[in-house]
Amino acid sequence: MEKDSAQDVVATIVGEWQKERPDLAEALWPVDVLARIQRMNRVIDKYLKAFTAEHGLEVGEFDVLVSLRRSGPPYALTAGALIPAAMVTSGAITNRIDRMEAKGLVERVRDGADRRSVRIRLTEAGATLADTVMEQHLKHYARLLAPLDRETCEALAGPLRTLLLAHGDTLTPPTAG
């Protein structure tokens with residue numbers, strides 16, 4: 001892979017700090033990594049907002065939709081099971097579910113064994129939309145990573161996983177039961 005000689009914003013920022021505060025030069029190394037991750041996150045967020053809006057969804061609704069779809073038949077989870085993946089409060093998840101129910105993408109279903117327990121289940125329209133949107137989403141994600149070859153992406157994924165785990169970003173997959 002050919003190395004690009006262009007200077008990105010982070011390199012400019014680091015260079016300015018090195019010039020202004022040479023005493024910090026050795027301490028700036030985390031900026032090289034974390035500022036680039038932060039800026040890439042903004043690129044991804046911008047993409048996701050535009051992409052989901054094209055499908056009449058908000059990013060949070062997309063999260064719920066694909067979480068339910070990947071949970072497997074009957075494509076139903078409790079709101080509580082959706083919260084960890086969505087990283088939101090119970091009130092926020094309820095609002096998402098309300099909006100999605102109004103759109104006909106999910107329905108609330110009472111548990112036959114415990115009538116107090118309510119599951120959020122994909123409707124047929126929700127499952128169809130989830131499948132369509134997910135296929136397009138993966139193609140867009142691949143385009144975001146197109147400047148890197150597959151081997152580089154796989155090599156990058158490992159250290160990022162290590163960082164996330166070290167900072168407590170773990171999730172037990174939600175279960176239908």
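Assorted remarks:
- Checking (i) 21; (ii) 29; (iii) 43 against percent of Cα pairs over 27 Å apart calculated from these atoms, the matching label is (iii).
- Local electrostatic count, R96, Cβ distance below 13 Å [Lys/Arg +1, Asp/Glu -1]: -2
- Of all aspartates and glutamates in the structure, the ones whose alpha carbon falls short of 20 Å from that of K139, not counting any fewer than 8 places away in one chain, are D45, E54, E58, E61, D63, D131, D149, E151, E154.
- In the context of the full protein assembly, K139 retains an accessible surface of approximately 130 Å², using a probe radius of 1.4 Å and ignoring ligands and nucleic acids.
- Taking Cβ atoms as reference points and 15 Å as the exclusive limit, the residues near R39 contribute a net charge of 0, counting Lys and Arg as +1 and Asp and Glu as -1.
- Once the 1.4 Å probe is applied to the protein heavy atoms, the chain comes out at 68 Å² accessible per residue.
- Radius of gyration and maximum dimension Dmax of segment 41-108, Cα, Å: 11.9, 35
- Expected 222 nm ellipticity per residue - DSSP helices of 4 or more, -39500 (n - 2.57), all of the chain, to 500: -20500 deg cm²/dmol
- Cα-centre dipole for the chain with unit charges at Cβ (Lys and Arg positive, Asp and Glu negative), debye to 20: 680 debye
- Local electrostatic count, A53, Cβ distance below 12 Å [Lys/Arg +1, Asp/Glu -1]: -1
- Debye, to nearest 20: dipole size of segment 25-100, +1 on Lys, Arg Cβ, -1 on Asp, Glu Cβ: 120 debye
The values are calculated or read from the model by the stated rules, or taken from the named source; none is laboratory data. Everything numeric here is computed off the predicted structure, so don't read it as measured data. Neighbour counts run over all protein chains shown; Cβ positions are idealised from the backbone, glycine included. SASA here: full protein model, heavy atoms, side chains in, ligands and nucleic acids out. Shrake-Rupley method; radii C 1.70, N 1.55, O 1.52, S 1.80 Å.
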